1. In nanometres, what is the gap between the two model label sites at Gln69 and Ser2, each 7 Å from Cα along Cα-to-Cβ?
2. Normalized C-alpha radius of gyration of the chain, against 2.2 N^0.38 Å?
3. Around Asp55, which amide H atoms from residues at least 5 apart in sequence, or from another chain, sit under 5 Å from its own amide H, with H modelled in the peptide plane?
4. Go ahead and run the numbers for FRET between Ala61 and Ala13, Cβ-Cβ distance against an R0 of 30 Å, rounding to 0.05.
5. Starting with the fewest neighbours, write out Leu32, Leu49 ranked by other beta-carbon atoms found within 10 Å of each beta-carbon.
6. List Tyr79, Tyr8, Tyr51 from most exposed to least, where exposure is judged by having the fewest other Cβ atoms within 10 Å.
7. Placing +1 on the Cβ of each Lys and Arg and -1 on the Cβ of each Asp and Glu in the chain, which of Ser14, Cys48, Gly70 has its Cα farthest towards the positive end of the resulting dipole?
8. Report, in deg cm²/dmol and to the nearest 500, the calculated mean residue ellipticity at 222 nm for the chain, where each DSSP H run with n ≥ 4 adds -39500 (n - 2.57) and the sum is divided by the residue count.
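None of the figures in this text is laboratory data; all of them are computed from the coordinates on show. Bear in mind the structure is a predicted one, so any value in this text is a computation, not a measurement. Virtual Cβ from ideal backbone geometry, glycine too; neighbours counted across all protein chains shown.
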Amino acid sequence: MSSMFEIYYRPPASPQKEAALTAKVSSLGGRLSYRETPDAAGQNGSVCLTYEFDDRERAEAAAQLLREQGEHVEGPVDYGP
């Protein structure tokens, strides 16, 4: 079973931040599977990046490392078959 977690950060969207996060998560065995941005006016919500992992242990280790670096991480949770 796959696992996933989400990273949330305040707008505005930052391509540099997202590239750095994705590179770090990729090096830990994850892949970006979904990106959600705030409403069009940019007033409400957060940027949300969803990362999937084939292995729950890798997802937990990556989430912990990102939390230690100050990121807001929700999960990991089991995802799909």
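1. For the pair Gln69/Ser2, the computed spacing is 2.2 nm.
2. Normalised Rg, Cα atoms only: 1.06.
3. Sorted by chain and number, the residues that satisfy this are Ser3.
4. That pair, Ala61 with Ala13, gives E of 0.70.
5. Placing the least packed residue first, the sequence is Leu32, Leu49.
6. In order of increasing Cβ crowding within 10 Å: Tyr8, Tyr79, Tyr51.
7. Farthest towards the positive pole: Ser14.
8. Mean residue ellipticity, 222 nm, calculated: -10000 deg cm²/dmol.
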